[in-house]
């Protein structure tokens, strides 16, 4: 079983310094090289796993890879960023936010790893360079390189199952889908965004009618949601389905605007289910 004494012996620093650092003493001031050496030794010796009551402090970079003119789209990633910053404090992580990949790479030696949020395209060459110099990274939600980095993502298959199941249990027979296809963020291009694919599968599972009711194209924006909503109404005016499932709240805002413009009232004329649970 690894001890403070063994870590001190491995690193050449005093037991007092090792103990204060691993216990997160806020009054301790040490060089970055010292901190990283102690943390690395503690992990090599299995100290953090054996002393679960202690959370070893880490320096972590957060790449905020989201820049758009869509205030509502930005709000989704702003919520993610706030959640990460809040939980980082609880885990004794020192989080440094970067809005530029180059800027983060310039300080790569300072960090034990990184997290990333946002959906802006990162070039394949830049992702490979990032992996070479900062291999310990986790992308939140959108992962542009699943072959290089880990990710934490919402379970959209289960989400779509729950939504379609709710419609089926309510006795609905015809259900539509409106969603964006997004932009190319991976090394490969998909024919259809995942939520639309899961929707088709779950509709088949419950035997509900989706013929001509899937609208999946464009970006995840209010403007695109309004455009798709207008097309949806034109195609099905007078014969609206029982409900429509919308892939994201930001798209749903545009869909509701399109419905409201022609006097389609929710939920009197059609029910709407939207994904994300944002305050909007």
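The values are calculated or read from the model by the stated rules, or taken from the named source; none is laboratory data. As the structure is a computational prediction, the values presented were derived from the model and not from experiment. Glycine gets a Cβ as well: all are built from the backbone with ideal geometry, and neighbour counts include every protein chain shown.
Quick rundown of the values:
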{"quantity": "Candidates 110, 169, filtered to the one that is over 18 Å from the mean Cα position of the chain (by Cα) and at pLDDT 95 or above", "calculated": "169"}
{"quantity": "Boolean, residue 188 is out of contact with any strand residue (DSSP E or B) (no Cβ under 9 Å at 6 or more places or on another chain), modelled with pLDDT of 95 or more and within 30 Å of residue 124 (Cα to Cα)", "calculated": "no"}
{"quantity": "Qualifying residue in segment 72-84 (condition: out of contact with any helix residue (DSSP H, G or I) (no Cβ under 9 Å at 6 or more places or on another chain), loosely packed, with under 15 Cβ neighbours inside 10 Å, assigned to a helix (DSSP H, G or I) and at pLDDT below 80)", "calculated": "no"}
{"quantity": "Residue in segment 171-180 that is under 22 Å from residue 112 (Cβ atoms) and crowded, with 19+ Cβ neighbours inside 10 Å present", "calculated": "no"}
{"quantity": "Any chance residue 61 is at pLDDT 90 or above, within 30 Å of residue 254 (Cα to Cα) and buried (at least 20 other Cβ atoms within 10 Å of the Cβ)", "calculated": "no"}
